Amino acid sequence: MKAAELFVRCLENEGVQYIFGIPGEENVDIMDVLLDSTIRFITTRHEQGAAFMADVYGRLTRRAGVCLATLGPGATNLVTGVADANMDHAPVVAISGQSSTARLHKETHQHLDLVNLFRPISKYCVQVLHPETIPEVVRKAFKTAQAERPGVSYIDFPENIARLPVEGKQPLKVQSPLMPVPHPRKIQQAADIIAAAKYPLILAGNGVIRAGASEQLVRFAEKLNIPVASTFMAKGVIPFSHPRWLGAVGMQSRDHVACGFDRADVIICVGYDMVEYHPNLWHPDKDRQIIHINALPAEVDEYYVLACGVIGDVGAALDGIAALVKPHHVFAAARLWHSIVHELSEHADDPSYPVKPQRIAWDLRRSLAADSIVVCDVGAHKVWMARMYHAERPNSCIISNGFAAMGIALPGAIAAKLAFPDRVAVAVTGDAGFMMNSQEIETALRIGTPIVILIWNDGKYGLIELHQLRRFGRTSYVDFQNPDFVKYAESFGAKGYRVEAADQLMPILKQAIADNTVVVIDCPVDYSENMKLTRKLAEMVCPV
Ligand SMILES: Cc1ncc(C[n+]2csc(CCOP(=O)(O)OP(=O)(O)O)c2C)c(N)n1
Ligand SMILES: [Mg+2]
């Protein structure tokens, strides 16, 4: 057997179904072996698309998504998607070819020190130097990528090593560590603090979804009568329609949910990572008691000094604490819930055109099933979706709010459709983010993954315009021209629709889903609502 073959056997052994990537000269041996493998290679049109596909595949399946590039420029093109996965804690194994080890010591064609390049954007980086080490390298890469907190493992595979013969080596048994049950003393301590609290509040983060502990969280909130705010990345962790649900937090400015934080005396952070919503935004006075329930100890931060840390299995921690505490009287959270729901539905039927962001989020929700998967891009549309889209299930609204890289939505929706072929996958994207990876429309058509791409068209870097208006009262360099998105879609062989009146959006969305192919919807959006929202939130009077 040659080393490339052993490598692919090891990937199969990890249960890899798809590898996203682009072939190159330095990975030809792997590509050739893949022809005789159970793994399906998804040829993309940019390595960034491949990395984002692996990223979203990893988030949705909790098994490492895999992307592959050649050395040098192929590998550097992976960087943004890899950094996104690593910072958002999505399990990914990124692989690239490398120059022969006989020329690594000198200036040589396309050679870059890739292990050092990937080090700050991964958990584990390694160069394969001996074919015999491949089973250990691959096992360690997957184990590390998938372990809490998940992230990226990068493997640099020099071309000459891939060709070497190797004998007597086999893939290692796949094992994953069982998350230990938290120490009973810490469970008791957390229970005592919650029992003594007047106004406890839960802040749930993406770690709850990663731990598969959404049900336990809902049970906990129901039994103890404690309201739940979630980060953008934990949307759906408790159903939107649940009366204990308070809304998603993640904006830099104040939102309704902030009223809940103002009132709370104990904040129970469950599966929460700072990268999702910094504690100085919700705990500026550093005067609340914080309980940290997570797989790993908390990051050190002056705004996040703990009253109690409960480390280990998140679901077991929640069940353990719930068993020890009596229900609370729900503090005026019900009033807050009503005011939030009122705001979210206020413009749901607004007939004005260009379409109001509120109506786009609302119509999209009504056209989709509870299990449909929406992958949001990054921009003003993301903030509207994060605040307003009613996610009823975990992982039904994917938002990158750690690294927050534009360009994730379209490749992400393709990965979602591959991971769950029976569910509808929608990319919700700004016009700028769409153009960053629009070439992957061809990939989606070629591999047969129907997706709907809903473009919020403002001809601008809309979110940046908003920030500029807030700070300087004028804008700088945020305008651009778009192609005709309908014709653009059609030129690939996809379908294209343009929304020309607000009431067309809903029927177009339904038609796009029924078309069951790759569909682009060009929806002009009224972003004057962005400044209005800013003013409204600034003047907000808390209902609780
Ligand atoms: C790759 C990348 N480049 C730049 C940014 C900074 N950025 C955040 S939002 C945004 C504008 C997005 O424009 P668009 O995709 O049209 O969405 P809109 O805000 O208009 O809804 C920019 C430039 C980023 N997050 N990611
Ligand atoms: Mg835009």
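For this structure, a couple of remarks:
- Filtered residues of region 492-507 (kept if crowded, with 18+ Cβ neighbours inside 10 Å, under 27 Å from the mean Cα position of the chain (by Cα) and part of a helix (DSSP H, G or I)): 505
- Residues being in a helix (DSSP H, G or I) and within 18 Å of residue 460 (Cβ to Cβ) - total across region 508-533: 6
- Selection count, region 406-425, where residues are of a type in the set (Val, Ile, Thr) and within 16 Å of ligand 2 (Cβ to nearest atom): 1
- Top-ranked residue of region 342-393 - restricted to ones that are assigned to a strand (DSSP E or B) and without any contact (Cβ under 8 Å) to a residue 60 or more places away in the chain, ranked as farthest from ligand 2 (Cβ to nearest atom): 374
- Among the residues listed as 203, 306, 296, the single one being in a loop (DSSP other than H, G, I, E, B) and touching a strand residue (DSSP E or B) at 6+ places or on another chain (Cβ under 6 Å): 306
- 1 or more residues surrounded by fewer than 21 Cβ atoms within 10 Å (Cβ to Cβ): qualifying strands (runs of 3 or more DSSP E) within region 1-77: 18-21, 40-43
- Search result, residues across region 456-477 that are without any contact (Cβ under 8 Å) to a residue 40 or more places away in the chain and near ligand 1 (Cβ under 8 Å from one of its atoms): 464
Let's see how each residue does on (1) over 30 Å from residue 25 (Cα atoms); (2) more than 26 Å from the chain's Cα centre (by Cα); (3) surrounded by fewer than 24 Cβ atoms within 10 Å (Cβ to Cβ); (4) at pLDDT 95 or above:
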| position | (1), (2), (3), (4) |
| --- | --- |
| 207 | yes, no, no, yes |
| 216 | yes, no, yes, yes |
| 225 | yes, yes, yes, no |
| 233 | yes, no, no, yes |
| 237 | yes, no, no, yes |
| 243 | yes, no, yes, no |
| 254 | yes, no, yes, no |
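- Here the helices (runs of 4 or more DSSP H) wholly within region 426-491 that include at least 1 residues being at pLDDT 95 or above and within 12 Å of ligand 2 (Cβ to nearest atom) are 431-436, 462-472.
- Considering region 512-537, and only residues there that are more than 21 Å from residue 379 (Cβ to Cβ) and loosely packed, with under 15 Cβ neighbours inside 10 Å, the residue that is nearest to the chain's Cα centre (by Cα) turns out to be 516.
- Residue match in region 399-418 (condition: of a type outside the set (Lys, Arg), within 10 Å of ligand 1 (Cβ to nearest atom), at pLDDT below 95 and buried (at least 24 other Cβ atoms within 10 Å of the Cβ)): yes
- Checking the stated criteria, residue 374 turns out not to satisfy the condition of being in contact with a Gly (Cβ under 9 Å, 6 or more places away or on another chain) and either closer than 19 Å to residue 210 by Cβ or crowded, with 24+ Cβ neighbours inside 10 Å (or both).
- Only a single criterion out of (1) more than 12 Å from ligand 1 (Cβ to nearest atom); (2) crowded, with 23+ Cβ neighbours inside 10 Å; (3) among the aliphatic types (A, V, I, L, M); (4) more than 12 Å from the chain's Cα centre (by Cα) is not satisfied by residue 383, namely (1).
- Residue 459 vs. criteria of a type outside the set (D, E, K, R), within 30 Å of residue 40 (Cα to Cα), surrounded by fewer than 16 Cβ atoms within 10 Å (Cβ to Cβ) and out of contact with any Lys or Arg (no Cβ under 9 Å at 6 or more places or on another chain): no
- Scanning region 294-332 for residues that are among the β-branched types (Val, Ile, Thr), surrounded by fewer than 16 Cβ atoms within 10 Å (Cβ to Cβ) and within 25 Å of the chain's Cα centre (by Cα) turns up just one, 300.
- Residues in region 200-259 that are without any contact (Cβ under 8 Å) to a residue 40 or more places away in the chain and over 20 Å from residue 291 (Cβ atoms): 242, 252.
The values are calculated or read from the model by the stated rules, or taken from the named source; none is laboratory data. This is a predicted model, so every value here is computed, not measured. All Cβ positions, glycine included, derive from the backbone under ideal geometry; neighbour counts span all protein chains shown.
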